[in-house]
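Here, each number is a calculation from the coordinates, and none is a lab measurement. Computed from a predicted model, the values in this text were never measured in an experiment. Virtual Cβ from ideal backbone geometry, glycine too; neighbours counted across all protein chains shown.
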Amino acid sequence: MHSPIPHVRRVVAEVVAELDGRVIEVAPAVASVPSHVWAIVEDVLAAELTVQEQEEVRVATPVGPDDLTGLITAVPLSVRLARQRHEHLRVLLDEQRFTTHYQMIVDARSNAIVGFEGLLRTVIDDVEVWPDEAFAMAAEAGWTDVLDRIGREKAIAGSAGWLGDRDLYINFMPTSIYRPEHCLRTTWAAAERYGVAPERIVFEVTEGTDASPEHLDHILRHYREEGCRIAVDDVGAGYGSLNRLARIQPDVAKIDKQLVQDASPVSDAVIGAVVGLCRDLGVVVLAEGVETKAQADRVVGLGVELLQGFWLGRPMPAELQPTPNILMA
Ligand code: G
Ligand code: MN
């Protein structure tokens, strides 16, 4: 066990002593704990340590007396505990038991459906789970990269056969793509297999990402080289929106639903500023979360071109999506 926090090592030593075992300090911050008591020690640590402290504990089973190498790659105790709590999610990830619902995106001027956003859905204990929840669990357990990858592939697979010449918007987390050349291989394979041209795909990066600008640029460059477009999601939800838009220069800016739904002079001014900047940069502006005709009229009056929200259509399974005109012709 490795922990740089003396208090944590003291707690472990006390628990082990109560169980008639002995902890041996084998290196600075590294203690050897008898393996047969570890399960009990872990239960105590789960209950007694702060989350911060749990993040600073790593556990490995050595293969020899001097073997400490496992500690280098071991996940923190906090992640081990989260994996136990979210065992049901692991099963879903293993079996890829997810589907995608699609929400239409409409051109305000022509009223044509020009695209769909893919939104991941799954069922845990007979309850439908939305992406926010699934991603929160996955983040605790260190599985966001798997969930993110499944999200991209399911969105593509589910759009086969009915998408036509309309766009497919797919959310992604930059921090879950370590190296686009490698991590996106299965995404491009899915696009090829299901006949979705990369030119139809718009990748949505959310405002609140904590990836470094350099890392994000690297991923976005890769997407563009493949022929995909980029959207910035939740524009206006945080600080620095305009700065970020100007830096990323996406193809589409998706205005956050709170701004769309809050009919106040302040949000009018913010939407107006986003529209003005996007006009200068050649970025298409989309309003998310449009729930009423009044909201649609307002944002269109402010210069928004594309609309998405419950008033136009809810996220729905692929089977319920309207067939494109070109297929009906
Ligand atoms: O962060 P992002 O924009 O990807 O989030 C999309 C989420 O917003 C989905 O969960 C979707 O179901 C939800 N959503 C889509 N349209 C509306 C709407 O009109 N109102 C509300 N409240 N939520 C919406
Ligand atoms: Mn989105």
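Computed values, structure above
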| quantity | calculated |
| --- | --- |
| Mean projected area in nm² (Cα convex hull; one quarter of hull surface) for region 5-56 | 3.3 |
| Debye log10 I(q)/I(0) at q = 0.10 Å⁻¹ for region 199-319, Cα point scatterers | -0.30 |
| Region 256-310 - convex hull of alpha carbons, volume per residue in Å³ | 61 |
| From phi via Karplus (6.51, -1.76, 1.60), per-residue ³J(HN,Hα) for region 188-204 in Hz, x at Gly/Pro | 5, 5, 5, 4, 5, 4, 9, x, 9, 5, x, 5, 8, 8, 10, 8, 9 |
| For region 39-86, Kirkwood radius (reciprocal of mean inverse C-alpha pair distance, Å) | 11.4 |
| Angle between the chain longest axis and helix 131-141 axis [Cα atoms, degrees, rounded to 10] | 20 |
| Neighbour-count order for Arg166, Arg247, fewest beta carbons within 10 angstrom listed first | Arg247, Arg166 |
| Other-chain or far-sequence residues with amide H under 5 Å of Asn171's (modelled H) | Gly118, Glu204 |
| Stokes-Einstein translational diffusion, region 1-106 - Kirkwood Rh over all Cα pairs, 1.002 mPa s, 20 °C, in µm²/s | 137 |
| Contact order normalised by residue count of region 125-284, Cα under 8 Å, 6+ apart, percent | 17 |
| Convex hull volume per residue for region 137-250, taking Cα atoms only, in Å³ | 109 |
| For peptides 26-39, 134-147, 180-193, 233-246, sequence by mean Cβ density within 10 Å, most packed first | 134-147, 233-246, 180-193, 26-39 |
| 0 to 90° range, to nearest 10: angle between helix 38-48 axis and the chain longest Cα axis | 60 |
| Residue-wise HN-Hα coupling along region 277-284, computed from phi with Karplus coefficients 6.51, -1.76, 1.60 (Hz; x: Gly, Pro) | 5, 5, 4, 4, 8, x, 9, 6 |
| Fewest-first sequence of Phe203, Phe172 by Cβ atoms within 10 Å of each Cβ | Phe172, Phe203 |
| Cα pair distances exceeding 20 angstrom across region 83-143, given as percent | 37 |
| Two-site FRET efficiency, His7 against Glu87, from Cβ-Cβ distance with R₀ of 35 Å, rounded to 0.05 | 0.75 |
| Kirkwood-based shape ratio for the chain, expressed as Rg/Rh from alpha carbons | 1.08 |
| Dmax and Rg, reported as Rg then Dmax, of region 98-176 (C-alpha, Å) | 14.0, 45 |
| Zero-based 10 Å bins, Cα pair distances in region 40-156, whole percents | 12, 31, 26, 18, 8, 4, 1, 0 |
| Region 66-71 - phi-based ³J(HN,Hα) in whole Hz, Karplus 6.51/-1.76/1.60, Gly and Pro as x | 9, 7, 10, 5, x, 5 |
| 0 to 90° range, to nearest 10: angle between helix 213-226 axis and the chain longest Cα axis | 50 |
